[in-house]
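Have a look at the structure below, then the notes.
Each reported figure results from applying straightforward, stated rules to the coordinates on display, with no laboratory input. Since we're looking at a predicted model, the values are computed, not measured. Cβ atoms come from the backbone with ideal geometry, glycine included; neighbour counts cover every protein chain shown.
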Amino acid sequence: MDGSIIMAKHALNAPPRRLAEGVYMVGGPDLSDPRDCLCYLVQGPEARVLVDCGAGPSAARILDLVQEAAGQPPSHLLLTHAHIDHAGGVAELVRLCGCQVLIHRDDAQTLAQGDPLRSAAQWYGLKLEPVRADVVLGQRHQLDLGQGLKLNILHTPGHTPGSVSAWCQAEEQKVLFGQDIHGPFSPTFGSDILLWRQSMQELLALNCDILAEGHYGVFRPAAEVAGFIHKQLGLH
Ligand SMILES: [Zn+2]
């Protein structure tokens, strides 16, 4: 056994990471499984929203991390799109805790059919277990988490047709959940670069203080958030 394996095992016992008031990282390569995207939790007094849920094999571990952070399971699971590394754990999580599943209408069919190409499941050598979402999202949606805390969801197509981003005001910090806003882009996913550029302008206009990204980590303050998005715009 080499040192890297020992380190990885150690890291998988790591606790959830607090990013801001009521906002935690609860999944990702060094928290749950190397195949997982970074998963986040927004905790309010009346609801707890998990933003993406990893590739599947780690669903129970991510649920443990949510419970450790919030003391309760998630009430909602917002899927930012239907790629396997973000949505693979959905069926198991619903079985384990009965959370409500939200996904945009333009990615809902990929999830409902467990489409191996559109979901990139084939790339990962995994299967996406089909799930019908409880809430099919349109252009805008708002979740009320209690005591004035709202999670604002907006359609930001580009990486996939039904990609969404979300933001909340966590006390002084405006936090943006921008999963896979870096891409990649592929006809197999139904990517659209022109739509993506418009989506990035919408995210820039939000002027968020913290960006919780799907694979690149957490960026702060606002200048770093804008810098990351501008850098991606310069690459594509
Ligand atoms: Zn993706």
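Laid out as a table, the results:
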quantity	calculated
Within segment 3-235, percent of DSSP bridges classed antiparallel, to nearest 5	70
Dipole-positive endmost among PHE189, GLY56, ASN152 within segment 3-235 (Cβ charges, Cα centre)	PHE189
GNM result for the chain, Cα springs below 10 Å: residue of LEU149, LEU117, LEU65 fluctuating most strongly	LEU117
Euclidean distance of C-alpha centroids, segment 87-103 and segment 178-236, integer Å	26
Residue-averaged [θ]222 nm for the chain, counting only DSSP H segments that reach four residues, each worth -39500 (n - 2.57)	-9000 deg cm²/dmol
Highest-MSF residue in the chain out of ILE62, ILE193, ILE153 [GNM, Cα springs under 10 Å]	ILE193
Under-5 Å amide H pairs with LEU19, H placed in peptide plane, nonlocal only	TYR24, MET25
GNM result for the chain, Cα springs below 10 Å: residue of CYS53, CYS168, CYS37 fluctuating most strongly	CYS168
P(r) weight above 18 Å for segment 48-162, C-alpha pairs, percent	46
Residues TYR24, TYR40, sorted so that the one with the fewest Cβ neighbours within 10 Å comes first	TYR24, TYR40
Convex hull of segment 3-235 built on C-alpha atoms - directionally averaged projected area, nm²	11.7
Segment 145-162 versus segment 25-40: alpha-carbon centroid distance in Å	20
³J(HN,Hα) computed for each position of segment 126-142 - Karplus, 6.51 cos²θ - 1.76 cosθ + 1.60, integer Hz, glycine/proline x	10, 10, 8, 6, x, 9, 8, 5, 7, 10, 9, 7, x, 5, 9, 7, 10
The chain - charge dipole about Cα centre, Lys and Arg +1 at Cβ, Asp and Glu -1, debye rounded to 20	180
Reciprocal of mean inverse Cα separation for segment 31-77 (Kirkwood radius, Å)	10.6
Kyte-Doolittle at least -1.0, axis length at least 15 Å by Cα - qualifying DSSP helices, the chain	59-70, 193-206, 222-235
Percentage relative contact order, the chain, counting C-alpha pairs under 8 Å, at least six apart	13
